[in-house]
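Enquirer: Following this message is one structure expressed as structure tokens.
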Amino acid sequence: ETPKYTPATPEMVDEVLSAYPDRAKKMRAKHITVKTEGCASCSVKSNSKTVPGLMTARGCAYAGAKGVVFGPVKDMIHISHGPVGCGYYSWGNRRNLAEGELGVNNFVPFQFTSDFSENDIVYGGDKKLEQICREVKELFPTVKGISVMSECPVGLIGDDIESVSKKMSKELDLPIVPVRCEGFRGISQSLGHHIANDAVRDHLLGKKEREEEVGPYDVSLIGDYNIGGDAWASIKILEEMGLRVRNVWTGDSTIEMLQTAHQVKLNLIHCYRSMNYICKHMEETYGIPHMEFNFFGPTKIKQSIRAIAARFDETIQEKAEAVIAKYEPMMQAVIDKYRPRLEGKKVMLYVGGLRPRHVIGAYEDLGMEVVGTGYEFAHKDDYDRTMPMMGDNTVIYDDVTAYELEEFVNRMKPDLIGSGVKEKYVFEKMGYPFRQMHSWDYSGPYHAYDGFPIFARDMDIALSSPTWGLAKAPWKKETVKEVR
Ligand code: CFM
């Protein structure tokens, strides 16, 4: 009794939105489109404020700066500056893995907060911040730097974290980076990425020189946060191609990788949304070109390897072909195993700012079709890159509300949904196979050749679980005779 898939139509969208008051309906309609043949009016409004009263999944600037960009830098201590909740709820759930000795050169699994109380709000938290910086250095003398991640109240009461950072940086002889990522700034975590990029630009990038000369094959891997080991899988390919990955921003990375990233030949950018700012800056200031690439699924990996190799000489190009030749048969074996089980399955996605388009190729490699997708906080340039990848009669939704997504799923009945923890249990209770496409559901990596077999297995596990046959109460099944 598989539910019957129904393609999206403009009427379906209209019907779902008709539950809203006129004004809200009008505003939301601009953020949703059904792609039709020719795709004339095929665009959506994005990167604008959520309609108050509607429940969406977005995060805040603090989430984008602390959780996304700075958090994974392992040998710095990141102080969640403000009340305890922001630090507590951003603690350890993004699965950005890091190697190293805990408390010595890896502080990623820890949580540091200034734990603001009423007194700090009334009298200001600058003195407390000074004290925390001293304690950080005293307790963890090997720490390489500190970031001060502002939470909302710090901005509201006008604390001067810049001057505290400057003062303490001198006193402790340690880079201390003030980051003005108060959650109220902007309309989503996206501004937090930008603020964090700017903080790296102003306080870290170019502040240190590696003594070794810049080699012809030196690159940085930008916008890979090592979720479930993704960056490790990506580095493996790049190094087998003969490139030298000098810096990773910021999965399993160090403060030195942020300081010396002006010393490479090329920036390879996976997550465009969160790191395009700094790449443009490095291009303008240091003349380092950047290129986007996609390591999800063998088709995109192959295209990306060749595109990257084309930026280098024949040595790299030959090695690139050898890498493809080595891994393609393994990937074909994965496809041969899973494609017959997954062929034709329809997927609906809803993730942050990159994956809603980046994973489409990986699903297609398995014969699956993405019939709906959307971003929490993407901008126009992200949707411009997305539209051509979607088939006809697919629905694209920006900053979708909990109600809208549930109703689209109710009407379209996809086979699999890929989204986050806020969505997971709603859809599982509705009887839909689900995978978390932020955290990889305690799994991963999904990037690169190491990741694709795991991705394929995980999608199959979700879809083929016998649980779905038990989701309906026995007395509601037609096959069960009514007992009176
Ligand atoms: Fe980039 Fe990301 Fe993403 Fe992102 Fe995020 Fe993330 Fe994401 Mo969750 S940096 S935009 S702010 S690829 S945490 S590792 S999964 S929403 S699609």
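Enquirer: Charges at C-beta only: +1 for Lys and Arg, -1 for Asp and Glu. How large is the resulting dipole of region 358-480 about its Cα centre, in Debye rounded to 20?
Expert: 640 debye
Enquirer: Using the Cα atoms of region 319-422 to build a convex hull, what is its mean projected area in square nanometres?
Expert: 8.1 nm²
Enquirer: Considering every Cα-Cα pair within region 269-316, what fraction, in whole percent, is farther apart than 17 Å?
Expert: 45 percent
Enquirer: Under the rule a/c < 1.5 gives rounded, and otherwise a/b versus b/c splits prolate from oblate, where does region 146-215 land using the Cα gyration tensor?
Expert: Verdict is oblate for region 146-215.
Enquirer: In the chain, which longest range has no GluC sites (Glu not before Pro) that are both DSSP loop (not H, G, I, E or B) and surrounded by at most 14 other Cβ atoms within 10 Å? Spell out each step's value before the answer.
Expert: Values: sites that count: GLU1, GLU37, GLU99, GLU101, GLU209, GLU211, GLU212, GLU213, GLU343, GLU478, GLU482.
With a cap of 14 other Cβ atoms within 10 Å, the longest stretch comes to 344-477.
Enquirer: Taking the Cα atoms of region 59-142 alone, what are Rg (to one decimal) and Dmax (as a whole number) in Å?
Expert: 13.2, 40
Enquirer: Something else about it: For region 100-107, just list the computed ³J(HN,Hα) in residue order, Karplus coefficients 6.51, -1.76 and 1.60, θ = phi - 60°, integers in Hz, with x standing in for Gly and Pro.
Expert: Once rounded to whole Hz, the list reads x, 8, 4, x, 10, 10, 9, 10.
Enquirer: Grab the Cα-Cα distance for LYS49 and MET389, subtract it from 0.36 nm times how many residues apart they are, and report the gain in nm with one decimal.
Expert: Gain on extension, LYS49 to MET389, equals 119.8 nm.
Enquirer: Binning at 10 Å from 0, report for region 383-470 what percent of all alpha-carbon pair distances ends up in each bin.
Expert: Taking all Cα pairs of region 383-470, the binned fractions are 14, 42, 38, 6, 0 percent.
Enquirer: For GLY418, which sequence-distant residues (separation of 5 or more, or a different chain) have an amide H within less than 5 Å of its own amide H, given hydrogens modelled in the peptide plane?
Expert: MET348, LEU349, TYR350, ARG435
Enquirer: Also: Tell me the Kirkwood radius of region 178-310: reciprocal of the mean inverse pair distance over distinct alpha-carbon atoms, in Å. Don't jump to the answer; show the numbers that get you there.
Expert: Working: mean 1/r = 0.0656 Å⁻¹.
Value: 15.2 Å, from the Cα pair sum.
Enquirer: Further question: Counting DSSP beta bridges with both partners in the chain, what percentage is antiparallel, nearest 5?
Expert: 15 percent
Enquirer: Using only helices, what value at 222 nm comes out for the chain when you add -39,500 (n - 2.57) per DSSP H run of length 4 or more and divide by the total residues, to the nearest 500 deg cm²/dmol?
Expert: Working: 19 runs with 200 residues, N = 484.
Calculated from helices alone, the mean residue ellipticity at 222 nm is -12500 deg cm²/dmol.
Enquirer: Loop-only check: which trypsin sites (Lys or Arg not before Pro) in region 1-57 are DSSP coil with at most 12 other Cβ within 10 angstrom? Display every interim value, and only then the final one.
Expert: Numbers: sites: LYS4, ARG23, LYS25, LYS26, ARG28, LYS30, LYS35, LYS45, LYS49; in loops: LYS4, LYS30, LYS45, LYS49.
Filter output for region 1-57: LYS4, LYS49.
Enquirer: Can you give the Kirkwood hydrodynamic radius for region 1-128, in Å, rounded to one decimal and based on Cα pairs?
Expert: With all distinct Cα pairs of region 1-128 included, I get 19.1 Å.
Enquirer: ³J(HN,Hα) across region 223-230 via Karplus (A = 6.51, B = -1.76, C = 1.60, θ = phi - 60°), whole Hz, x for Gly/Pro?
Expert: x, 10, 9, 6, 5, x, x, 4
Enquirer: Further question on the same structure: Return the long-range amide H neighbours of ILE77 (sequence gap of 5 or more, or a different chain), with a cut-off of under 5 Å between placed amide H atoms.
Expert: Excluding prolines and chain starts, which carry no amide H, the hits are LYS144, GLY145, ILE146, SER147.
Enquirer: Want the number for ARG210 to LYS25: 0.36 nm per residue separation, take away the alpha-carbon distance, what's left?
Expert: Extra length from ARG210 to LYS25 when fully extended: 61.1 nm.
Enquirer: Which one, ASN247, VAL177, LEU191, is farthest towards the positive end of the dipole of region 156-254 when Lys and Arg carry +1 and Asp and Glu -1 on their Cβ?
Expert: So the residue we want is LEU191.
Enquirer: How many angstrom lie between the Cα centre of region 400-443 and the Cα centre of region 117-182?
Expert: Their Cα centres are 39 Å away from one another.
Enquirer: While we're looking at this one, here's another question. Take the Cβ-Cβ distance between LYS167 and VAL426 as r, set R0 to 35 Å, and report the resulting FRET efficiency rounded to the nearest 0.05.
Expert: Numbers: r = 48 Å, r/R0 = 1.37.
In this case the efficiency is close to 0.15.
Enquirer: Let me ask another. For the chain, give me every cysteine whose Cβ has no other Cys Cβ within less than 4.7 Å, ordered by residue number.
Expert: Here CYS60, CYS86, CYS133, CYS152, CYS181, CYS271, CYS279 come out as lacking a disulfide-compatible partner, given the Cβ-Cβ threshold of under 4.7 Å.
Enquirer: Apply the Karplus parameterisation 6.51 cos²θ - 1.76 cosθ + 1.60, with θ equal to phi minus 60°, to every residue of region 406-414 and state each ³J(HN,Hα) to the nearest whole Hz, in sequence, with x for glycine and proline.
Expert: Once θ is set to phi - 60°, the couplings for region 406-414 become 4, 6, 5, 5, 3, 8, 8, 6, x Hz.
Enquirer: Name the chymotrypsin sites (Phe, Trp or Tyr not before Pro) in region 179-249 that are in a loop by DSSP and that have at most 16 other C-beta atoms within 10 Å, would you?
Expert: Answer in residue order: PHE184.
Enquirer: Tell me the net charge near LYS208. Cut-off is 12 Å between Cβ atoms, LYS208 excluded, with +1 for each Lys or Arg and -1 for each Asp or Glu.
Expert: 0
Enquirer: Taking a temperature of 37 °C and a viscosity of 0.692 mPa s, what whole-number D in µm²/s does Stokes-Einstein yield for the chain with Rh from Kirkwood over alpha carbon pairs?
Expert: Answer from the Stokes-Einstein relation: 138 µm²/s.
Rule-based calculations on the coordinates, nothing more; no lab input. Please read these numbers as outputs of a predicted model, since none were measured by experiment. Using ideal geometry, Cβ is built from the backbone for each residue, glycine included, and neighbour counts are taken over all protein chains shown.
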